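The values are calculated or read from the model by the stated rules, or taken from the named source; none is laboratory data. As the structure is a computational prediction, the values presented were derived from the model and not from experiment. All Cβ positions, glycine included, derive from the backbone under ideal geometry; neighbour counts span all protein chains shown. We work out accessible area using only protein heavy atoms, side chains counted, and drop any ligands, DNA or RNA first. Shrake-Rupley method; radii C 1.70, N 1.55, O 1.52, S 1.80 Å.
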Amino acid sequence: IGRYTFSLIRELARIDHENEYVLFLNRERFARYEPPGANFRAVEAAIPWFTMQEQLQLPRVVAREQLDLMHYPHVTIPLLSTTPFVVTVHDLNYLDDAAIFGPGGSVSRVKRAAWRAGYRAELAKARRARRLITVSEHTRDSLVRTLGIEPARVAVTYEAADPPGAIEPDQRVLELYDLDAPFFLYV
C-alpha cells in the first residue's frame, strides 16, 4: 500500500499541475518531506494506523483542511469522517482464513471470527465512498458481490511496476548460461 501511495503521488505530480494535493504524513515522513510539485503540501498527522486514535483524530485533521475529496489508499476509513472520499480496495484476503492464518492455522475460531468481523466493519465503511477503486477485475467482482455495491461505483485501476531504471546485467548470470544478447525474464 505504501508503494502504491508513493507511486500514485509521483505520477500525479507528473501529470497534474493544477489541482492542490494535501498529503497527511506521520511525524518522521513529515520532517523529511520534499514536495514533488508546487501543488503538493503536507500536513503532519502523527496518528498511529489501525488504532482508535485514527478513527477519532484523523477525521478532525482531514476536516480542518476543507478538502473536496479524500483518497484513502486502504480500507481503514474513519467512521466519523464527513469529508467525501474515494477508497482503494487492494484485495479481500482478510475474508479468507487460509490467506491470513495459513492452512489449518493455529489461531482460535474466536480470534478468526473477531478478525473477520473487524475487516467486514472496515469494508462496510467503504460503502459510503463516492467511488471505489480496485486493482483487478477479480477484486472488483468480489467487492460488488460481498458488499452489494453497484458495479458502476467501482473502477478498476491496474497497478503497474515502477518505471525501469538503469539496469546493469549480472555478468555471472550471463556467463553461467552463456548469454551474449539482452533478455527480459518475466515470471
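Accessible area, 1.4 Å probe, largest first: how do ARG27, ARG112 sort?
Accessible-area ranking of ARG27, ARG112, largest first: ARG27, ARG112.
Please give me the summed charge of the neighbours of ALA113: other residues whose Cβ is under 12 Å from its Cβ, Lys and Arg +1, Asp and Glu -1.
Local charge sum for ALA113: +4.
Ordered by residue, what ³J(HN,Hα) values in Hz, to whole numbers, does the stretch 136-143 give under the Karplus form 6.51 cos²θ - 1.76 cosθ + 1.60, where θ = phi - 60° and Gly and Pro are x?
Those phi angles translate into 7, 5, 4, 5, 4, 4, 5, 5 Hz.
How much FRET efficiency would the formula 1/(1 + (r/R0)^6) give for ILE15 and ASP180, where r is the Cβ-Cβ distance and R0 is 45 Å, rounded to 0.05?
The pair ILE15/ASP180 has a calculated efficiency of 0.70.
Carbon and sulfur: what percent of the chain's accessible surface (1.4 Å probe)?
56 percent
What distance in nm separates the simple spin-label points at ARG153 and ARG29, each placed 7 Å from Cα in the Cβ direction?
Modelled inter-label distance: 2.7 nm.
If amide hydrogens are placed 1.01 Å from N in the peptide plane, which non-local residues have theirs closer than 5 Å to the one on LEU67?
Under 5 Å from the amide H of LEU67: no residue qualifies.
What is the Cα convex hull volume of the stretch 91-148 when expressed per residue in Å³?
Spread over its residues, the Cα hull of the stretch 91-148 gives 77 Å³ apiece.
Taking only protein heavy atoms into account and a 1.4 Å probe, give the accessible area per residue of the stretch 1-45 in Å².
72 Å²
Can you work out the accessible area per residue across the stretch 105-157, with the rest of the protein chains kept in place, probe 1.4 Å, in square angstrom?
On a per-residue basis, 59 Å².
Starting from 0.36 nm per residue, how many nanometres of slack lie between ARG172 and ALA113 once their C-alpha separation is accounted for?
Stretched fully, the ARG172-ALA113 segment lengthens by 16.2 nm.
Based on the alpha-carbon gyration tensor of the chain, what equivalent-ellipsoid semi-axes (square roots of 5 times the eigenvalues) come out, in whole Å, largest first?
32, 27, 18
Kindly state, to the nearest 0.05, the FRET efficiency for ALA38 paired with ALA63, given R0 = 30 Å and r defined as their beta-carbon distance.
After rounding, the FRET efficiency stands at 0.75.
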